[in-house]
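Values in this text are rule-based calculations from the coordinates and carry no lab data. No experiment lies behind these values; they were computed from the predicted model shown. So basically every Cβ, Gly included, is an ideal-geometry build from the backbone, and we count neighbours across all protein chains shown.
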Amino acid sequence: MDARERALRQAYDHALRWLADLPDRQVPARASVDDIVRALGADLPEAPSAPADVVDLLATACEPGLTAFPSGRFYGFVVGGTEPAALAADWLVSAWDQNCVMRTVSPAYAAAEEIASTWLLDLLGLPRDSAVGFTTGATMANFTCLAAGRDTVLRRAGRDPARDGLAGGPAVRVVVGEGRHTAVDVALRYLGLGAPDIVPADDQGRIRPDALRRTLAGGGGGPVIVVLQAGEIHSGAFDPFDEAIRAARDAVAWVHVDGAFGLWAAASPAYARLTAGCAAADSWATDAHKTLNVPYDCGLAVVREPSALRASMGLHGDYLIQHEHGDPSDKVPELSRRGRAFTVWAVLRSLGRSGVADLVDRLCRHASAFATGIAAIDGATVLNDVEFTQVCASFGSDSRTERVLTRLLDDGTAWISGSTWHGRRVMRISVSNWSTTDDDVARTLTAIQRAAAGA
Ligand SMILES: *Cc1c(COP(=O)(O)O)cnc(C)c1O
């Protein structure tokens, strides 16, 4: 066995052990950053070490400081775990080490990206000729789509943004709902568009179409982008797309939808109604590393008009080998990058249409079991309409909710974080992991009951 093979076998053994321990492992990390720094050793080694020894040290030293994100009882943020086919494919992606910039140089990557893109558009119910860019996550997918939107509305106003930049041109107005994710704001900042105009939302965080129409009417007719949302981070709610998009169209706006986790509702016949009308937008950002459960990092930027995306993201280099049909790099900000579409292809090939629908249905079923279970706890109230994968609950006063959260994390059965919603401290549960079972939900509810009983 050579050094590389020994290192890979070491990594394989550690990975299998980590995954096998997940069902019984305590979910929160047990060690602090300082503990892990000490265990890894802070000093730069003067001499080389055998790769297998390095992998062994990494795995052994880091283990206590790992949070069991892939556990079926991790309900933080909106992040999923990793489907088996996606994880295995991701190992191959690293071994293959394809630089996925150019179609001609990695035909295999270009083929996988092409197939995965077609399948994604089909599952998400989006226009079939849209361009799909594989980004690092939804933040960059929002950035990518909004860049295409910004440049398109400026071109409509007679500008050439690629040549002229933003200075001296008309201001691009961006209108968002109050409940949008902060990733949208940061994308706008990267794009030089500044802070957006904010439209009030209803109690579940859905943009109010009447208020959107009024805000747009006060705009003076310049270039405008409207950002809508599929899946609000606290309630899971979806904007009323039909009405909101009609209002945006009347203002000749570019319409973008941030559907980082929620856009996947479209893949389930039982939940597709939540995204009704959403396909009439111009661009959509979503993640594959959330609801679809592929490993980090993988987001998806979908733009209805491929030429708009290429105009903003495409590049030219004399040393590159560029294809007349366009290259994967024409659709994303990065040039060199890993083969993310191989992983997406693998999970879609593994699940098939019915498997993706079952995944979405299962996450929603677990969320609704959480809502029922928590509502039965003394003093607890579920604050949102649980129509997708998110549950927000209060345990009475803010201080009691905080105590329940602290006791729950100390207990270690599950990982659930707090948040502030409508001015109240809440327990925020996001069911996003493919591997969560009924038993995980039952064990977690028991742990929440225990935490609440003493708080
Ligand atoms: C997670 C999330 C984002 C940001 O996505 P990343 O993949 O973390 O960059 C944006 N919008 C919404 C609604 C999200 O849930």
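Assorted remarks:
- Packing-based order for 69-82, 230-243, using average beta carbon neighbours within 10 Å, highest first: 230-243, 69-82
- Over region 39-158, relative contact order from alpha-carbon pairs under 8 Å, at least 6 apart, %: 9
- Using the Cβ-Cβ distance between Arg349 and Ser94 with R0 = 25 Å, the FRET efficiency computed as 1/(1 + (r/R0)^6) comes to roughly 0.85.
- Of the beta bridges in the chain, as assigned by DSSP with both residues counted there, near 60 percent are antiparallel.
- Modelled FRET efficiency - R0 22 Å, Leu40 with Arg17, Cβ distances, 0.05 increments: 0.75
- Relative contact order [Cα under 8 Å, 6+ residues apart], region 3-63, whole percent: 63
- Extension gain from Thr182 to Asp398, taking 0.36 nm per residue of separation minus the Cα-Cα distance: 75.4 nm
- A Cβ-based charge dipole, computed about the Cα centre of the chain with Lys and Arg at +1 and Asp and Glu at -1, lands at about 860 debye.
- Simple Cβ-charge dipole of region 254-305, Lys/Arg +1 and Asp/Glu -1, about Cα centre, in debye nearest 20: 200
- Percentage relative contact order, the chain, counting C-alpha pairs under 8 Å, at least six apart: 22
- Among Thr291, Gly236, Ala247 - extreme Cα towards positive end, dipole of region 196-320, charges at beta-carbon: Ala247
- In region 161-239, a dipole from Cβ-located charges (positive for Lys and Arg, negative for Asp and Glu) runs towards its positive end, and of Gly179, Pro161, Ala217 it is Pro161 whose Cα lies farthest in that direction.
- Listed residue (Gln10, Pro51, Ala39) projecting farthest to the positive dipole end of region 3-63, Cβ model: Gln10
- Theoretical FRET efficiency, 1/(1+(r/R0)^6), r = Cβ-Cβ of Glu5 and Ala111, R0 41 Å, to 0.05: 0.90
- Under a model in which nothing but the beta-carbon of Lys, Arg (+1) and Asp, Glu (-1) is charged, region 3-63 shows a dipole of about 200 debye around its Cα centre.
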